[in-house]
1. Identify, by number, the condition in (1) more than 27 Å from residue 499 (Cα to Cα); (2) open to solvent by 10 Å² or more (accessible area, probe 1.4 Å) that residue 178 doesn't meet.
2. Condition test on residue 365, is it in contact with a helix residue (DSSP H, G or I) (Cβ under 7 Å, 6 or more places away or on another chain), over 30 Å from residue 486 (Cβ atoms) and either in contact (Cβ under 8 Å) with a residue 24 or more places away in the chain or open to solvent by 40 Å² or more (accessible area, probe 1.4 Å) (or both)?
3. Output the number of the condition that residue 52 fails; it satisfies all remaining conditions of (1) more than 27 Å from residue 543 (Cβ to Cβ); (2) touching a strand residue (DSSP E or B) at 6+ places or on another chain (Cβ under 7 Å).
4. Having 3 or more residues that are more than 22 Å from residue 174 (Cβ to Cβ) is the bar; report the helices (runs of 4 or more DSSP H) wholly within the range 474-571 that clear it.
5. May I ask you to list pairs of residues, at least six apart or on different chains, whose Cβ atoms are under 7 Å apart, with the first in the range 478-492 being closer than 19 Å to residue 443 by Cβ and open to solvent by 30 Å² or more (accessible area, probe 1.4 Å) and the second being among the basic types (Lys, Arg) and outside any helix (DSSP H, G or I)?
6. Which condition number does residue 239 fail, the rest of (1) open to solvent by 40 Å² or more (accessible area, probe 1.4 Å); (2) charged (D, E, K, R); (3) not in a loop (DSSP other than H, G, I, E, B) being met?
7. Quick check on the range 436-454. Is at least one of its residues in contact (Cβ under 8 Å) with a residue 24 or more places away in the chain, farther than 30 Å from residue 57 by Cα, open to solvent by 30 Å² or more (accessible area, probe 1.4 Å) and small (Gly, Ala, Ser)?
8. If you check every pair at least six apart or on different chains, which have Cβ atoms under 9 Å apart with a residue in the range 271-284 that is more than 16 Å from residue 404 (Cβ to Cβ) first and a residue that is modelled with pLDDT under 95 second?
Amino acid sequence: MKIARKIELLSPAKNLETGIEAINHGADAVYIGAPRFSARAAAGNTIADIEQLVRYAHRYFARVYVALNTILKEDELADAEKMIRQIYEAGADALIIQDMAIPMMDIPPIAIHASTQMDNRTPEKVSFLENAGFSQVVLARELSLQQIEEIAGRVSVPLEVFVHGALCVSYSGRCYLSQALSGRSANRGACAQYCRLPYTLQDATGKTLASQKHLLSLKDLNQSDHLEAILDAGASSLKIEGRLKELSYVKNVTAFYRKKLDEIFNRRTEYVPASSGNCTYTFTPDLRKSFNRGFTGYFLQGRQKDIASFHTPKSIGEPVGRVKETGRNYLTISTPLLLHNGDGLCFFDEKNCFGGFRVNKVESDKIFPAEMPGITQGTLVFRNLDHDFEKRLSQPTSVRKIPVSFILSDDDAGFILRAEDTDGCEASVHIPWKKERAQKSQEEQVIQQLSKLGNTIFTAESVQIRMQDDWFIPGSVLSDLRRKVSDALLSVRESAYARPQRITGRPDALFPEKKLSYLGNVSNSLARRFYISKGVEQIDPAFEIAAPEEVPLMFTKHCLRYSLGYCPRLAKENTSLKEPLYLLSSQGRLELEFDCRQCEMYVYKRT
């Protein structure tokens, strides 16, 4: 009989509170930033908070991964090593890393995951990482289903695939634009997000092809309709992006994907959740109601035309309807949705300029903005803030419970309550009691009392009574039995949790390349020693250490020639461009280069 594959829904945690709510809303694992050296420098967390999150997650057999995925400078190595020991002692299940100095450190046997910052997009690279001792590999977002399947067919290491959230326009770990323009390194958690700025695109003659558009800003990833295909391709961990996202976002998105996955598991018994417990929600999850720039499946199904959000990098939310009428201080919209006071509405005008307004009051079908916008009849309106939805999400919105079966029995000295949960953890307690035969059936009272599990993580799935006679049991005794067995079962679960341990890498594992350019992101002597030990013969320093001149600052599969209809392979007209093309902004001029063989675009800063 084939063993079912455990599938992990992996959610982001900006902080302790968000991590706990991610678990409550169905995450099988969460990833949270280390105090330092995280690829989201603004989302660091204390060791104490990580330890508290670990204790909470492990009750559900859920995992906590700590992101320590920046490259490290020489004078940071000792601090990073010390911090890793603290993270291990806090009980974390794995480190998500980019810098190969970490496997060379004297650290505890904590599992390591290969961050997407390592540019994991070939079978050869992922196979090497498996042989080098990585327990999980985060794949590049740009991969197609076929590429994921090809990698999965060559390795046994669990593969982690992004399914939702913001997209970096460049391959992760291969963007140096922020470092080059401002000294803020994306590989060190300080990206200035120049990809979200407006640019003007010109050809070599100075002709303007697009003016003041967000040409490098992508829509947000949404693979919710393709989860089954991603699992079938070989992924075991489905990742939601968003360690800077607010609590309501994590609640809503996690709950949505939990429900989608549970629907799949009900049909496909070869897949099972990687943690325990069932969630009950007080709201209906809806991805359109959380921050989004519009959605894209990116390259999962091959190259798609509409992956960018040229007109705004801001959230557009959900479609509402078109304007029917405008008055002096109100408008009406043709919509099936119920709008509320305090909602945020937005639109694109005739010139595709983005605008928005706050709803001050709704009366019947009339909407009174706080300030009347310049909006015309027929304009499509979106809602990027549902005030009522956000208000609901600010309250407790999910309860996660582990089903437990109770058996109440007796012996000559008193009563015994045994509990077993769905993971096979068992506990029993005995209370001495002088037994008296009941005057009426005790079954209803027993079931009622033992089912009152209140604020525990358990819920009573069944209660069996196996006593020699129908004894009278006071409610206080039943409550005491229930409380003690619940505490005992929780202790058993905490003891039964098995933290993953570091995999020993193979000494003969060889890196698939003999030369590493600045793209290898080698920023310290330990990482250099690692690659030398893996057969690399020439190693250039990281861009942040010694920036080479006239090299690409961004590598992307987002192609502006394709998006604007100038692709020489596909376009039937408009293909005669005078190259090179340039992106102009307040930051200066960037030059574009196109590699049709790889179907990629490169961005340079040339003098």
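1. Against the list (1) more than 27 Å from residue 499 (Cα to Cα); (2) open to solvent by 10 Å² or more (accessible area, probe 1.4 Å), residue 178 comes up short only on (2).
2. no
3. The single condition residue 52 does not satisfy is (2).
4. 475-496, 525-533
5. Hits for this filter: 482/452.
6. Residue 239 satisfies every listed condition except (1).
7. Scanning the range 436-454, I find at least one residue that is in contact (Cβ under 8 Å) with a residue 24 or more places away in the chain, farther than 30 Å from residue 57 by Cα, open to solvent by 30 Å² or more (accessible area, probe 1.4 Å) and small (Gly, Ala, Ser), so the answer is yes.
8. Pairs found: 271/4; 272/4.
The values are calculated or read from the model by the stated rules, or taken from the named source; none is laboratory data. Treat the numbers as computed from the prediction; the structure is a model and nothing was measured. Quick reminder, even Gly has a Cβ in these numbers, built from the backbone with ideal geometry, and neighbours come from all protein chains shown. Side chains are part of the model used for accessible areas, which takes the heavy atoms of the whole protein and leaves out ligands, DNA and RNA. Shrake-Rupley method; radii C 1.70, N 1.55, O 1.52, S 1.80 Å.
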